[in-house]
Amino acid sequence: MNAVYILWKRELIRYFRSRARLVGSLGQPLLFLVALGFGLGPVFQKAGQGNYFQFLGPGVICMGILFTGVFAGIQVIWDRQFGFLKETLVAPVTRFEIMLGKTLGGATVAFVQGFFVLILTMIVGFRPQNVLMIPFALIAMFLTALFYTALGISIASLLEDMQGFQLIMNFVVQPTFFLSGALFPLTGVPSFLSVIASFNPLAYGVDAVRGSLTGVTHFGMTTDFIVLSIISVVILIIGSYLFSKVEA
């Protein structure tokens, strides 16, 4: 498991060495918080739904995790193009350990990104209802990060072109985010949106984080954590198989 640790550590070093990436990755969550929070807040309150910042905060946190996690797959394509992946694959370790190390590294980066966004939301005006529930929110954030990082690496294992990866990810990421209940309540939506949300992994991540921080859930926290745990294990198995077929 030493290889897993090395690859995990490598991803963290990459992240914290890039100050531009660290600061720039907070730009989009901040834009959503300010533009939507202050822009739609009065409308949300007049509709009788309460403080929009309290509703929006968990969604923006998961948005930061989603974007950071899935685009971890770019590192696989980047390493393949510049030869680093070939050096990694010839090492005396299994493909599963390599994939696990990269996934855990990317998931940790996405989790740290989500934690920074959590702090940012609290600065803007979000307040957790019960501080004792924050650890559950952190667990939900990490499971969400683990799933989407593994998904990004799985898709990257099938591709060799960075532009193609970005196109596919944009096609996946945008609908996933907007149909997750991050920006609007899933209660009372048309039935087809409710069905789509029930098959959207991010919806359970958002719901688990929101339930932990605000006490309001749609699916129920038990269901959220069970679904997040199962899909994370499944995507790790699928990703390991796809990564085992990678040719540098």
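Scan segment 64-75 and give yes if some residue there is at pLDDT below 90, crowded, with 23+ Cβ neighbours inside 10 Å, under 20 Å from the mean Cα position of the chain (by Cα) and not in a helix (DSSP H, G or I), otherwise no. For segment 64-75, residues at pLDDT below 90, crowded, with 23+ Cβ neighbours inside 10 Å, under 20 Å from the mean Cα position of the chain (by Cα) and not in a helix (DSSP H, G or I): present. Listed here are the helices (runs of 4 or more DSSP H) enclosed by segment 163-248 that have at least 1 residues being within 14 Å of Y148 (Cβ to Cβ) and aliphatic (A, V, I, L, M): 201-214, 221-244.
Would you confirm, using the coordinates I've provided, whether T176 is β-branched (V, I, T) and surrounded by 13 or more Cβ atoms within 10 Å (Cβ to Cβ)? Even if it seems obvious, please write down each step before you answer.
Working: β-branched (V, I, T): yes; surrounded by 13 or more Cβ atoms within 10 Å (Cβ to Cβ): yes.
Spelling it out, T176 is indeed β-branched (V, I, T) and surrounded by 13 or more Cβ atoms within 10 Å (Cβ to Cβ).
A quick yes/no check of all residues on (1) on the phi < 0 side of the Ramachandran plot; (2) β-branched (V, I, T):
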position: Y204; (1), (2): yes, no
position: G215; (1), (2): no, no
position: D224; (1), (2): yes, no
position: V227; (1), (2): yes, yes
position: S232; (1), (2): yes, no
position: Y241; (1), (2): yes, no
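When we screen L186, L159, L236, L242 for residues that are in contact with a His (Cβ under 8 Å, 6 or more places away or on another chain) and hydrophobic (A, V, I, L, M, F, W, C), the only hit is L186.
The values are calculated or read from the model by the stated rules, or taken from the named source; none is laboratory data. Because the structure is a prediction, the values reported are computed rather than measured. Neighbour counts run over all protein chains shown; Cβ positions are idealised from the backbone, glycine included.
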